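Undergrad: One structure, pasted below without further comment.
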Amino acid sequence: VQLEESGGGLVQAGGSLRLSCAASGRTFSSYSMGWFRQAPGKEREFVAFIDWLAINTNYADSVKDRFTISRDNDKNMVYRQMNSLNTEDTGVYFCRAKYIPPSYDPGAYDYWGQGTQVTVSS
């Protein structure tokens, strides 16, 4: 599975962005998709995941009720809607794919996107 990310950019605090992750490969529907971010000087952290059937999702407490992860298995796409952004959301956001069961651990994922920069200004 190859992952190509898009949708990052600069936004003012309180604004919204939508990140997309396009996956190649015919077995996309067998992969859970994870969403991680890394802020400057900090370790990579879990943001959210969605399982391979789009039945279960899970979010970090810091983004719950503001971010939404979704997927379209027919289009091999994962979408990440980010609302009410604040400066602490600044970082590089990564899309990752893991065969079947999702995980909170970034190291458990099999495939990585290149990351997309999100910068939130105050």
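Undergrad: Quick check: is even one residue across the stretch 93-100 open to solvent by 40 Å² or more (accessible area, probe 1.4 Å) and modelled with pLDDT under 95?
TA: yes
Undergrad: Do any residues in the stretch 69-86 that are under 18 Å from residue 32 (Cβ atoms) and of a type in the set (S, T, N, Q) have Cβ atoms under 6 Å from those of residues that are part of a strand (DSSP E or B) and open to solvent by 10 Å² or more (accessible area, probe 1.4 Å), where the two are at least six apart or on different chains, and which pairs are they?
TA: 70/79; 76/23
Undergrad: Here is a further query. Report yes if some residue within the stretch 36-54 is outside any strand (DSSP E or B) and touching a residue at least 60 places away in the same chain (Cβ under 8 Å); otherwise report no.
TA: Checking the stretch 36-54: at least one residue is outside any strand (DSSP E or B) and touching a residue at least 60 places away in the same chain (Cβ under 8 Å).
Undergrad: Take the residues in the stretch 29-58 that are among the hydrophobic types (A, V, I, L, M, F, W, C) and surrounded by 20 or more Cβ atoms within 10 Å (Cβ to Cβ), then tell me which one is farthest from the chain's Cα centre (by Cα).
TA: Once the filter is applied, the top-ranked residue is 52.
Undergrad: Ok, one more. Can you tell me which residues in the stretch 40-65 are of a type in the set (D, E, K, R) and touching a strand residue (DSSP E or B) at 6+ places or on another chain (Cβ under 7 Å)?
TA: Residues satisfying the conditions are 44, 45, 51.
Undergrad: Give me a count of the residues in the stretch 7-28 that are closer than 11 Å to residue 78 by Cα and surrounded by 14 or more Cβ atoms within 10 Å (Cβ to Cβ).
TA: The total comes to 6.
The values are calculated or read from the model by the stated rules, or taken from the named source; none is laboratory data. Note that the structure is predicted; figures quoted are calculated from it, not measured. Backbone-built Cβ (ideal geometry, glycine too); neighbour counts: all protein chains shown. What goes into the accessible areas is simple: the full protein's heavy atoms, side chains included, and nothing from ligands, DNA or RNA. Shrake-Rupley method; radii C 1.70, N 1.55, O 1.52, S 1.80 Å.
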